[in-house]
1. When 1/r is averaged over all different Cα pairs and the result inverted, which Kirkwood radius in Å belongs to the range B:107-192?
2. Which FRET efficiency value, to the nearest 0.05, is calculated for A:Phe167 and A:Ser268 with the Förster distance at 51 angstrom and r the Cβ-Cβ distance?
3. Sort A:Lys68, A:Lys210 so the one with the fewest other Cβ atoms within 10 Å of its own Cβ comes first.
4. Under Stokes-Einstein, with the Kirkwood radius over Cα pairs standing in for Rh, what whole-number D in µm²/s applies to chain A at 20 °C and 1.002 mPa s?
5. May I ask you to order B:172-183, A:125-136 by the average number of other C-beta atoms within 10 Å around their residues, highest value first?
6. Normalised radius of gyration for chain B, please: alpha carbon Rg relative to 2.2 N^0.38 Å, two decimal places.
7. Once you've got the Cα coordinates, tell me which of A:Lys240/B:Lys174; A:Lys140/A:Lys281; A:Lys100/A:Lys159; A:Lys159/A:Lys188; A:Lys146/A:Lys281; A:Lys68/A:Lys159 are over 20 Å apart.
8. List the Cys residues of chain B that have no partner Cys with a C-beta closer than 4.7 Å.
Amino acid sequence: MRSYALFPGCSGDADTMYYRSAQAVCPLLDIELIEIEDWNCCGATPYISINNLEATCVAARNLALAQKTGLDLVTSCSCCYVIQNQTDSHLREYPELREKVSEALAAGGLQYQGGVRVRHLLEILVNDVGYEAISSKVKKGLEGLKVACYYGCLVVRPKLGFDDPEFPQSLDRLMESLGAEPTPFHLKSRCCGGALILPEEGLVQGLIHKLLENALAGGAECIVTVCPLCHTNLDAYQAKVNRRFKTNYHLPVLYLPQLMGLAFGIDSGSLDLEKLMISPKKVLESFY
Amino acid sequence: MKEIVTGFAEEVCSIPGGETIHKCIQCGVCSGSCPNADLMDYSPRKLIAMVRSGMREEVLSSNSMWYCLTCYLCTVRCPRGIKPTELMHALECLAVRHDLATRRTTTPIVYQSFVDILTRNGRVHEVDFIFRYYLNLYRLFLRMKPLAALKMVALAFMTPVALKLFGRGRLAFKAKRIKRRRELNAILNTARS
């Protein structure tokens, strides 16, 4: 059994679909995810854009809490992944910042020595578990399912080293090991607009439109993703994009553990598939 | 009052990610890679040149960095190892610090609303975050900023999406908080002092 300190992130905390399906799948792969006690929001893009020092302190609190567990920090959110990683490397690279942050953490009775490994769910599935082990757990292979693998930005950029930053392959290989067929998808690591959906919805709708168009052109029946922000943008805004661009997209957008769960024969009820805005029923019916 | 700033470039360099501007060779790969460069007052390449020329007001009051999607495409492509994404964040921080953040997009208000909720609850959930954004827009509206009224109307059009998400149990209405908020406050207060 491999144990990890789980950092669910705020989006995994409110919208439990991703989190619950990951918790259902991981035990089958001998992975134990232990939630970090009293973790806080990583600060995401907004905080580093408002106050760098405070943002670093907030994220450093999570690193300090993770360090107490002695385990690698694993998050299922790509944004938390980058922020927590960047905080760790900034604390290493900038001694002046480290000093100020240590002082602040001490005021809260915490300390961070550095050295917590920050990892993404996709990365531990690929590197620690491996395609073969995943493939050996498959009960109902997703044979014939055409999937566009959407990585988004932050699981592969900035270059944290586990996959190519522009033409990543890991998720495609993982889908193959479940029996599915990854489709050509040139925009697989292009931006969905992320948090700008709130202030600049029109602009972000354009980015979502391009992604859906490109996924469909490759012959995809559904999209799989590993980031809650990408998921919300592609799933919840698809109807609005259709209205604005006079299109008729109906592409279900699933989280990676949801598809893994189906292939592993987990009951579709505990994978929260009914919570998706674009129902995957038609596409996935034969795998339920 | 903050300390008197002598050189703008030096000030940018003092924030992590800002110090790399001296390595820039103005090749323009960052601007060519940016999905939003066409919406920016100054492209990333131009922005770096302007910082180095000390054009403080122009840079900090521009909309450029607020259109950064934080997609890091420029960062992985830069042949000099500069991290323009981090530079954009540094410029945003400085614009906020000197109260020069543009009002032509509400991105700074969205970010500030997010931080308001984070520092209060320790976690951020859509519903309280959006209410906070609405409140901050309203305050801006009272200061006669027309964009705020427009955005308030636009936000109302998001209600159907929010309701659908709520109907599927994907939105938490009750604010989630961390237990040791006092610990987080102590950390932040020390950082601010």
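Here, each number is a calculation from the coordinates, and none is a lab measurement. All of these numbers come straight from a predicted model, not from anything done at the bench. We place every Cβ from the backbone using ideal geometry, glycine too, and count neighbours over all the protein chains shown.
1. It is 14.3 Å.
2. Calculated value: 0.95.
3. A:Lys68, A:Lys210
4. Rounded to a whole number, D works out at 110 µm²/s.
5. A:125-136, B:172-183
6. Working: Rg = 18.8 Å, N = 193, 2.2 N^0.38 = 16.3 Å.
Normalised Rg, Cα atoms only: 1.16.
7. Numbers: A:Lys240/B:Lys174 27 Å; A:Lys140/A:Lys281 16 Å; A:Lys100/A:Lys159 27 Å; A:Lys159/A:Lys188 16 Å; A:Lys146/A:Lys281 15 Å; A:Lys68/A:Lys159 27 Å.
Too far apart for the 20 Å limit: A:Lys240/B:Lys174; A:Lys100/A:Lys159; A:Lys68/A:Lys159.
8. Among the cysteines of chain B, those whose Cβ sits 4.7 Å or more from every other are B:Cys13, B:Cys24, B:Cys27, B:Cys34, B:Cys68, B:Cys78, B:Cys93.
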